[in-house]
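Heads up: the structure comes next, in structure tokens.
The values are calculated or read from the model by the stated rules, or taken from the named source; none is laboratory data. Being a predicted model, the structure only gives us computed values, none of them experimental. All Cβ positions, glycine included, derive from the backbone under ideal geometry; neighbour counts span all protein chains shown.
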Amino acid sequence: MQCEICGTEIRGQAIEVTIDGSQLKVCSKCAQYGTAVKARSPVSRKISPVSPQTKRNVPKRTGQRRDPFAELSDELVDEYEKIIHDAREKRGWTQEVLATKIKEKASLIKKIERGEIVPEDSVRKKIEKALNIQLTERVGEGDWSADRLNKGTTLGDIVTIKRK
């Protein structure tokens, strides 16, 4: 076995020491750099008093799994940054004024208007309320279907492959 500090071959028993919170197996010369680890003693843990839990009336699940995508029906509109910018300028507000009205940083408004970040739902709702605009659109299951893929011209119809 080698010393984990100097790398020399350890003759006999390695000494376990703790150096800066790390436990190492070292030779007798390097043992002076740490504190010797003694046999582990159990650490006493404080037990906080537990209050009796109140039961909530939660309906039991009946084998059906909840679809997480069923709730997703609103989607952020394209060009949301332009809509926010136009609505803000229509009111004559600067980015700093809008930021103070919705209690956010002006740098966040700048990044949203540049399209660098997508606003979180909480920020989006504040912006919608302050500027009286709508940044989401309702997306239903009927908006997308596989039948649309089979209609119309495809890239394969247009491209001609040239062979050597």
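Against the test of being assigned by TED's automatic domain parsing to the domain that holds ASP78, modelled with pLDDT under 70 and basic (Lys, Arg), the options LYS151, LYS126 yield a single qualifying residue, LYS151.
Taking residues in region 77-98 that are touching a residue at least 40 places away in the same chain (Cβ under 8 Å), and partners anywhere that are β-branched (Val, Ile, Thr) and in a helix (DSSP H, G or I), the pairs with Cβ atoms closer than 7 Å and at least 6 places apart or on different chains are VAL77/ILE83; ILE84/ILE112; ILE84/ILE127.
Note on region 85-100: residues that are out of contact with any helix residue (DSSP H, G or I) (no Cβ under 6 Å at 6 or more places or on another chain) and of a type outside the set (Ser, Thr, Tyr) amount to 7. Could you grab me the full set of residues in region 116-141 that are part of a strand (DSSP E or B) and either hydrophobic (A, V, I, L, M, F, W, C) or exposed (fewer than 14 other Cβ atoms within 10 Å of the Cβ) (or both)? Result: GLU137, ARG138. Of the strands (runs of 3 or more DSSP E) contained entirely in region 1-115, those carrying at least 1 residues that are of a type in the set (S, T, N, Q) and at pLDDT 85 or above fall at 15-19, 22-26.
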